[in-house]
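These notes are about the structure you will find just below.
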Amino acid sequence: MFLLEGCKAQSTEFEDIYPPKREFRAVWIATVDNIDWPSSKNLVPDEQRNEFSNLLDFHKRAGMNAVFVQVRAAGDAFYAKSNEPWSEWLTGQQGRRPDPMWDPMEYMIKESHRRGLEFHAWLNLNRLVHKSSTSVSSENMSRTHPDWILSYDGYKLFNFGIPAVRQFITEIAVNVAKNYDVDGIHFDDYFYPYAVAGQVINDDATFRQYGQGFSNKNDWRRNNVDLLVKQIHDALMAVNPRIKFGISPCGVWRNKGNDAEGSKTYGALASYDDLFADSRKWVREGWVDYIAPQVYFSSRFGRVPYKNLVDWWAENCYGRHFYVGLGAYRVGGKEKDTQWQNPTEIPGQVRYSRENEAEGTIFFSSRSLKNNNLGFVDSLRNDLFRYPALVPTMSWKDAIPPLTPKSLKATLLTNGLELFWEKPDPATDGETATYYVIYRFLPDEKPSAYDPRKILGMAYEGEKFVDTTVQSGKRYVYYITAVDRLHNEGRPIGPLKVQVSDQKLQRF
């Protein structure tokens, strides 16, 4: 009998024994100012493609199962089907087309999916001109709609109080969802700007025009952001209800000193009070599918202890997924908090997130993982992420698993044993397999889908898989399951029992 995954309550008895079978493991790939990719704004398309493919290979080896790629950095686009100008960090000058012409996002999605990585389109929603911008196209919205703009600390930002602005931002998200095979739409923590001494948000006139019913401007600003988040959620649901929508807000919603329901953090910048972003409300109302607060603090930081913040979010995610945003960029850096010089800090944070009901972690950012400061990525690759993990399911989006693959067979090749099978029939929701999980057991082992150590591999392209690790004289038992786009896993086909001997394949 092949033991299938059950609901969370049923599977807890296995969680103490096995590594996690399901866990979100992701990385942010920042494009603004060429932080992560491309490494320079002067690369030709072939070099850009090669760099990105190598990045994906690296992150796959490190154990990731998703990437968040910044495809709108500052009133620009890293994709062809956009009404905003091409990014200067892609082509060297904002508005200049790639030469030769290509669509980076189409390529990035295809390459991510080939490797079994979810692709989330990360859109910065408030920025039109960045401090580090050296060119601003005549097509940039700061020039075509100067009446929509707030100038603040050297940036040009959207004025969220204007209904037409919220509609335009919604259309950006919907355009990506309609034209690209993305797994998710993702926003970061930039809503109203982080406060800078001597700077003022000049939205008095907008408040007079649109602030009816609000005596407090801060409440009005929070309402503007709420309206935007809900509007985008509703629009994405209408386009494709299976696209994931999530936000990575500032780590602290509210401090305990300002709100009895806030986290046990003290004097920290808070999204509700300082950025006018009521991040807890979005999950409570079900406007987002996941929340990924930026918990970029060490476990020994007094004002904002990592564990306190993780505990609070675990209790305030209202049934939506909670992914912990980890500050990998701080590891080994010149930080006042010397705990970041401890090579066990990030591994310890991953372990704590697992123990406290988070569905996974997201690392900022790709370059920090590539640098492998203090060897923390080695700890992921060789220990915490050594075994594969499926992306956690979202039952409110899709709870119907695919049917069982058909006609499992095997043949011996010079480089190993090839398994091949047929695609399952469509399930009741019309879906069939997106990929397959291949399990291998020894004859005396009890087959179970709970143990990721028994996952031999996953097949993302077609109905075949080559086991290159078979040994002559050994017996093996194989099972294969189908998994759909939202990672529901169906019942297995199997067992297929084979023995390899004298370059022959025998059934037993």
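The values are calculated or read from the model by the stated rules, or taken from the named source; none is laboratory data. Fair warning: this is a prediction, and the values are worked out from it, not measured in the lab. Neighbour counts are summed over all protein chains in view; Cβ atoms, including those assigned to glycine, are modelled from backbone coordinates with ideal geometry. The area values use the complete protein model at the heavy-atom level, side chains included, leaving out ligands, DNA and RNA. Shrake-Rupley method; radii C 1.70, N 1.55, O 1.52, S 1.80 Å.
Before moving on, here are some points about what is shown:
- Test item: Cα-centred dipole of the range 406-507, Lys/Arg +1 and Asp/Glu -1 on Cβ, debye: 460
- Basic side chains Lys and Arg get +1 at the Cβ, acidic Asp and Glu get -1 at the Cβ, and with that the dipole of the chain about its Cα centre reaches some 700 debye.
- Across the chain, the mean sequence separation of Cα contacts (distance under 8 Å, 6 or more residues apart), normalised by length, yields a relative contact order of 14 percent.
- Computed lengthening from D337 to R303, 0.36 nm per intervening residue step minus Cα-Cα distance: 11.1 nm
- Charge dipole of the chain about the Cα centre (unit charges at C-beta), most positive-ward option of N255, V176, S135: N255
- Table column - 3J(HN,Hα) (Hz), the range 56-63, Karplus curve with 6.51, -1.76, 1.60, x for Gly and Pro: 4, 4, 4, 5, 5, 5, 6, x
- Exceedance of the 27 Å cut-off in Cα-Cα distance is limited, within the set K178/K230; K281/K370; K41/K336; K21/K334, to K281/K370; K41/K336; K21/K334.
- Once the Cα atoms are used to define both axes, helix 306-315 deviates from the longest principal axis of the chain by about 80 degrees.
- Close amide H partners of G457, meaning residues 5 or more places away or on another chain with modelled amide H under 5 Å apart, are I438.
- Straight-line cross-link partners of K264 among the lysines, defined as a Cα under 18 Å from its Cα and at least 8 positions apart when in the same chain: K256, K307.
- Residues of type lysines that K409 reaches as a straight line, Cα spacing below 20 Å, ignoring anything fewer than 8 places off in the same chain: K423, K454, K464, K474, K497, K504
- Restriction of the GluC sites (Glu not before Pro) in the range 401-508 to DSSP coil positions whose beta-carbon has at most 15 other beta-carbons within 10 angstrom yields E445, E461.
- Summing +1 for each Lys or Arg and -1 for each Asp or Glu among the other residues whose beta-carbon sits under 15 angstrom from that of N218 gives -3.
- For the range 433-508, the relative contact order comes to 33 percent (Cα pairs under 8 Å, sequence separation of at least 6).
- Dipole of the chain, positive end: most advanced residue of L269, Q499, S407 [Cβ charges, Cα centre]: Q499
- Coordinate range along principal axes, alpha carbons of the chain, Å, largest first: 81, 54, 47
- Carbon + sulfur, % of accessible area of the range 24-383 - ligands and nucleic acids excluded, 1.4 Å: 45
- On Cα atoms only, tilt of 163-179 relative to the major axis of the chain in degrees: 20
- A cut-off under 11 angstrom between Cβ atoms defines the neighbours of C250, and their net charge, with Lys, Arg +1 and Asp, Glu -1, is -3.
- Loop-located trypsin sites (Lys or Arg not before Pro) in the range 82-135 (DSSP state not H, G, I, E or B) with no more than 12 neighbouring Cβ atoms inside 10 Å: K131.
- Around Y329: net Lys/Arg minus Asp/Glu count, Cβ-Cβ under 12 Å: +2
- The C-alpha atoms of the chain define a longest principal axis, and helix 104-114 lies at about 30 degrees to it.
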